[in-house]
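The values are calculated or read from the model by the stated rules, or taken from the named source; none is laboratory data. Keep in mind that what you see is a predicted model, and the values were worked out from it rather than measured. So basically every Cβ, Gly included, is an ideal-geometry build from the backbone, and we count neighbours across all protein chains shown. Areas reflect the complete protein model, heavy atoms only, side chains present, ligands, DNA and RNA absent. Shrake-Rupley method; radii C 1.70, N 1.55, O 1.52, S 1.80 Å.
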Amino acid sequence: MSIAEQIQQLKKEKDAVILAHYYVPGEVQDVADYVGDSFYLSKIATTLTAKKIIFAGVAFMGESAKLLNPHKRVFLPDATADCPMAHMIDTEKIQQIRAEYPDVAVVCYINSTAETKALSDICVTSSNAVKIVKKLPNKNIFFIPDQHLASYVAAQVPEKNILLNPGFCPRHHNITASQVALAKDLHPEALFLAHPECPSEVLALADYVGSTSGIIDYATNTAAEEYLIGTVVGVFHELKKRNPHKKFFCVNSGQICVNMEKVTLEKVKSVLETECNEVFISEKLQRKAMLPLTRMLEMAR
Ligand code: 13P
Ligand code: SF4
């Protein structure tokens, strides 16, 4: 039996469901029951009947699934797979901003720890951040931890005063405007599709800005034959699956999320067999950190 077949069998035996983000290796996406961007995966996590969730992604994704489903058991194939940006905010800064701006809404990108979520008013993902910030009654918004997504939202919602925090995703932060210009010279027919974690001068060159799902849908629903992709190469798996005759190119050779790459087929099988790497969240943290996520699900409707 192939490893993929063994995983399918184990899933049934263990009453487990596999959720996978578009950045994990293609063969892991292929064994998953649901594949998507962060927003889709958090929405779907609330609708499952299986007792166990195997989250093929990084730590904040497993934590968010657990926060939204406290009575289910959630497991990570690799417990060390973590998003560095999730840690780029210190709690004192949040307290300081709250003291300085009493009316502020702390808007927390889902790429954050449960502890940070517990100190925030609402969560957002890259696919709903603009919509939610627009709807908030507050004028002052402290958007954490990603400076680039915050700047993108600020440009789309000019009526708000968006306070920035210096966090960033190393992969997207390192995509530069000059690299995009060079890649456009090499592929003059290609449309440039970028994730809003890229710097604003890169987004200024984009034909489309959106989440991983947004990028995949845009390329699928657009007639152009060639695309330059300004996000992590994990999305190429679904892009090529849905568009076998179209061509996709990277902007630079470093568009790899090393943490998402840690999630291998062997580790998915092993976590199903051993039930190790379970996500645990204390009751107190659970109560506080779940609220911004449920608010996000309500406001994104
Ligand atoms: P999405 O919200 O597009 O899934 O992005 C998550 C992420 O980690 C981007 O780097
Ligand atoms: Fe975090 Fe960047 Fe990896 Fe997304 S691509 S999980 S933001 S390190």
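The table for this structure:
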item	result
Residues that are within 29 Å of residue 170 (Cα to Cα), open to solvent by 70 Å² or more (accessible area, probe 1.4 Å) and not β-branched (Val, Ile, Thr), drawn from segment 245-266	247, 253, 261, 266
Residues that are more than 16 Å from ligand 1 (Cβ to nearest atom), in a strand (DSSP E or B) and either free of Cβ contacts under 8 Å to residues at least 24 places away in the same chain or open to solvent by 60 Å² or more (accessible area, probe 1.4 Å) (or both), drawn from segment 185-235	none
Only listed residue being more than 19 Å from residue 112 (Cβ to Cβ) and aliphatic (A, V, I, L, M), chosen from 291, 297, 285, 272	272
Strands (runs of 3 or more DSSP E) completely within segment 12-96 that count 1 or more residues being buried (at least 16 other Cβ atoms within 10 Å of the Cβ) and within 12 Å of ligand 2 (Cβ to nearest atom)	16-21
Single condition residue 264 does not satisfy, out of (1) out of contact with any Pro (no Cβ under 9 Å at 6 or more places or on another chain); (2) away from ligand 1 (no atom under 16 Å from the Cβ)	(1)
Filtered residues of segment 95-113 (kept if away from ligand 1 (no atom under 16 Å from the Cβ) and touching a helix residue (DSSP H, G or I) at 6+ places or on another chain (Cβ under 8 Å))	104, 106
